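Participant: Take this structure first; my questions come after.
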Amino acid sequence: MKWVTAFSLLPFLIFSPVRADCPPPGEQERLARAAYEEALVQEATGNLGAARKMYEKLLEEFSETQFACWAKEHLDLIKSGRAYVNKEGRAFFISSTTLFGAWAGFAISEIASLGENGEISENENKAIIWGSIGGAVAGLVPSIMLSSNMPMSTGRATVVNFGWTWGVWHGLAFSLIPDGDLGARSMLGLALGLSGVGYAGAMALTKYIDVADGDAAYISSAAYWATWITAAISTLISEDFWDKEQLYISILLAGGDLGLVAAALTSNWFDMSAGRVGLINLGGALGVLVGVGITAVAEMDSWRANLGTVLGFSLAGLVGSTFLTRSYDKPEAMGKGLALLELDEDGLKFSLPAPRLLAMRDEDRLRLGMELPLVGGTF
């Protein structure tokens with residue numbers, strides 16, 4: 001049977017036209033193809049903001065190539081809202097909407113249960129719990145159904161989550177600024193209203209503006225860090241800072257919002273990935289932890305020294321992790337296999353070291369051991 005198959009194909013092989021070798025691609029074609037493939041990867045992972053930027057750059061720099069035509073088709077799909085649905089972004093969106101629903105259910109049931117004296121009975125506590133559960137379900141089910149065909153990158157989901165949480169913070173803060181403060185009902189109502197505005201506004205904004213995953217992570221993280229730094233510096237400047245409620249709340253809001261605006265304006269300059277932003281946040285959090293540990297061990301008498309130490313180490317963690325991850329987003333930022341974390345002249349790199357078998361002496365007996373280095377460097 002094998003011989004019959006081979007001979008049956010022989011006439012086709014003999015009389016088929018000889019194909020000429022394809023001409024080697026030029027430099028422009030190679031560069032355009034590399035840019036197109038990189039943009040496809042970003043689109044396939046749901047990073048629509050980064051993909052859009054890459055397609056636009058490809059159209060601008062390689063407009064005479066076939067890849068520019070294909071890039072325009074993908075760009076039109078992104079702009080028309082018919083782009084790839086990212087499973088990671090969809091999962092983050094569902095989680096965020098469920099949490100928003102739980103918060104809304106809690107706030108509504110709390111407002112309904114509060115009496116004139118601000119006290120809540122045991123039955124009303126149960127009603128608040130069931131209200132939170134009902135709100136979570138009310139957020140979960142629609143988000144699952146509506147997001148099946150909705151373009152939802154991780155960046156867009158991050159902006160939506162940040163929008164409603166930032167709205168909650170502003171609502172609570174605004175309720176403390178007026179003289180005499182607002183009541184508990186007004187406080188919760190304002191926080192609920194601004195969180196809804198933040199959620200709806202983020203959804204509407206990201207429908208027309210593509211936000212890359214890294215940009216969304218960078219902007220939201222900068223707002224939180226700016227709030228913490230503003231609070232710490234203001235407290236160090238004035239001992240009476242926390243005694244003037246209207247003043248310090250206003251300063252905290254201004255500091256956080258300025259950090260948010262500054263990050264939004266500079267996001268294109270840094271062009272960080274979400275992974276790098278996460279490592280920088282980790283560095284800042286570890287700095288806070290180290291600062292708190294040092295103050296606990298040193299038992300400083302001055303609260304200014306304690307707070308200054310925590311602030312200093314948090315800033316050092318942010319700056320240090322930013323410096324160490326400066327090559328994280330470069331394609332060539334791959335370690336040499338020396339250790340899991342490698343430090344060289346280009347910065348911190350991640351690698352997959354191969355386990356090494358070693359001869360080890362144990363009580364005058366030779367045994368076989370395995371080594372897996374975690375940290376290393378080249379100097």
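Participant: Answer yes if at least one residue in segment 165-172 is under 27 Å from ALA222 (Cα atoms) and part of a loop (DSSP other than H, G, I, E, B), and no otherwise.
Facilitator: Looking through segment 165-172, none of the residues is under 27 Å from ALA222 (Cα atoms) and part of a loop (DSSP other than H, G, I, E, B).
Participant: Hey, another quick one. Is it fair to say ASN306 is free of Cβ contacts under 8 Å to residues at least 60 places away in the same chain and not β-branched (Val, Ile, Thr)?
Facilitator: Yes; evaluated as a whole, the condition is true for this residue.
Participant: Another question, then. Here is a check on your reading of the model: is VAL297 outside the structural domain of GLY198 (by TED's automatic domain parsing), loosely packed, with under 15 Cβ neighbours inside 10 Å and more than 27 Å from THR322 (Cα to Cα)?
Facilitator: Judged against the criteria, VAL297 is a match.
Participant: Okay, next question. Got a sec? Which of VAL297, VAL290 is farther than 30 Å from GLY171 by Cβ and over 29 Å from the mean Cα position of the chain (by Cα)?
Facilitator: Result: VAL297 is the single residue among VAL297, VAL290 that is farther than 30 Å from GLY171 by Cβ and over 29 Å from the mean Cα position of the chain (by Cα).
Participant: Can I ask one more? Looking at segment 57-78, I want the residues that are closer than 16 Å to GLU43 by Cα and have a partner that is at pLDDT 85 or above and in a loop (DSSP other than H, G, I, E, B) with Cβ atoms under 8 Å, at least 6 apart or on another chain. Which pairs are those?
Facilitator: Filtered contacts from segment 57-78: ALA68/PHE62.
Participant: Just one of (1) surrounded by 15 or more Cβ atoms within 10 Å (Cβ to Cβ); (2) in the same structural domain as SER143 (by TED's automatic domain parsing); (3) touching a residue at least 40 places away in the same chain (Cβ under 8 Å) trips up MET187, so point out which.
Facilitator: MET187 satisfies all of (1) surrounded by 15 or more Cβ atoms within 10 Å (Cβ to Cβ); (2) in the same structural domain as SER143 (by TED's automatic domain parsing); (3) touching a residue at least 40 places away in the same chain (Cβ under 8 Å) except (3).
Participant: Can you tell me which residues in segment 243-267 are within 15 Å of the chain's Cα centre (by Cα) and not small (Gly, Ala, Ser)?
Facilitator: LEU260
Participant: Out of everything in segment 223-247 that is touching a residue at least 24 places away in the same chain (Cβ under 8 Å) and small (Gly, Ala, Ser), what residue ends up being surrounded by the most Cβ atoms within 10 Å (Cβ to Cβ)?
Facilitator: Filtering first and then ranking leaves ALA223.
Participant: Hey, another quick one. Please count how many residues of segment 148-164 are assigned to a helix (DSSP H, G or I) and crowded, with 21+ Cβ neighbours inside 10 Å.
Facilitator: Here the count works out to 11.
Yes/no per residue for (1) at pLDDT 90 or above; (2) surrounded by fewer than 18 Cβ atoms within 10 Å (Cβ to Cβ); (3) outside the structural domain of GLY167 (by TED's automatic domain parsing); (4) in a helix (DSSP H, G or I):
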{"position": "ILE249", "(1), (2), (3), (4)": "no, yes, yes, yes"}
{"position": "LEU253", "(1), (2), (3), (4)": "yes, yes, yes, yes"}
{"position": "LEU260", "(1), (2), (3), (4)": "yes, no, yes, yes"}
{"position": "THR266", "(1), (2), (3), (4)": "yes, yes, yes, yes"}
{"position": "TRP269", "(1), (2), (3), (4)": "no, yes, yes, yes"}
{"position": "GLY278", "(1), (2), (3), (4)": "yes, yes, yes, yes"}
{"position": "LEU286", "(1), (2), (3), (4)": "yes, yes, yes, yes"}
{"position": "GLY308", "(1), (2), (3), (4)": "yes, no, yes, yes"}
{"position": "VAL319", "(1), (2), (3), (4)": "yes, yes, yes, yes"}
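Participant: Among the residues of segment 201-218, write down those that are among the aliphatic types (A, V, I, L, M) and under 9 Å from the mean Cα position of the chain (by Cα).
Facilitator: Matches in segment 201-218: ALA216, ALA217.
Participant: Quick check on my filter: what residues within segment 203-219 are touching a Lys or Arg at 6+ places or on another chain (Cβ under 8 Å) and surrounded by fewer than 24 Cβ atoms within 10 Å (Cβ to Cβ)?
Facilitator: Matches in segment 203-219: THR206, ASP210.
Participant: Return yes or no: is TYR84 within 30 Å of GLY201 (Cβ to Cβ), surrounded by 10 or more Cβ atoms within 10 Å (Cβ to Cβ) and at pLDDT 75 or above?
Facilitator: In short, no.
Participant: Which of the following residues is at pLDDT 80 or above, of a type in the set (S, T, N, Q), within 19 Å of SER195 (Cα to Cα) and under 22 Å from the mean Cα position of the chain (by Cα): SER95, SER109?
Facilitator: Of SER95, SER109, the one residue that is at pLDDT 80 or above, of a type in the set (S, T, N, Q), within 19 Å of SER195 (Cα to Cα) and under 22 Å from the mean Cα position of the chain (by Cα) is SER95.
Participant: Determine which single condition ASP344 fails, assuming it passes every other condition in (1) modelled with pLDDT under 90; (2) within 26 Å of VAL41 (Cβ to Cβ).
Facilitator: Failed condition: (2).
The values are calculated or read from the model by the stated rules, or taken from the named source; none is laboratory data. Quantities reported herein were computed from a predicted structural model and do not represent experimental measurements. Note that each Cβ is placed from the backbone with ideal geometry, even for glycine, and that neighbours are counted across all protein chains shown.
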